[in-house]
């Protein structure tokens with residue numbers, strides 16, 4: 001997780017023993033997150049404004065059905081529903 005305020009209550013949801021906070025400006029510590037950002041930027045370049053709900057829904061669906069090496073080439077949807 002980043003050190004931003006949006007993650008300040010993360011320990012209320014997850015066991016603090018399993019939370020890893022990265023160092024500021026160390027994108028190499030957040031490989032999967034940075035990869036997701038790269039995938040999103042295929043559709044919405046950095047600095048894009050006013051994405052429509054239809055675009056966001058399309059990108060969300062596309063990413064959730066995109067096989068990932070870190071998931072042994074399964075999709076996030078497959079891993080989520082497999083338990």
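A few remarks follow.
- Of all residues in segment 4-23, those that are closer than 17 Å to residue 34 by Cβ have Cβ atoms under 7 Å from Cβ atoms of residues that are in a helix (DSSP H, G or I), 6 or more apart or on another chain, in 22/29; 23/29.
- Among residues that are outside the structural domain of residue 73 (by TED's automatic domain parsing) and at pLDDT 85 or above, residue 35 is included.
- Of the residues making up segment 29-60, those that are part of a helix (DSSP H, G or I), free of Cβ contacts under 8 Å to residues at least 12 places away in the same chain and over 28 Å from residue 19 (Cβ atoms) are 53, 54, 57.
- Checking each residue in segment 24-56 for being exposed (fewer than 11 other Cβ atoms within 10 Å of the Cβ) and more than 27 Å from residue 72 (Cβ to Cβ) picks out 24, 25, 45, 46, 47, 49, 50, 52, 53, 54.
The values are calculated or read from the model by the stated rules, or taken from the named source; none is laboratory data. From a predicted model like this one, the values you see are computed outputs, not experimental measurements. Note: ideal-geometry Cβ built from the backbone for every residue, glycine included; neighbour counts use all protein chains shown.
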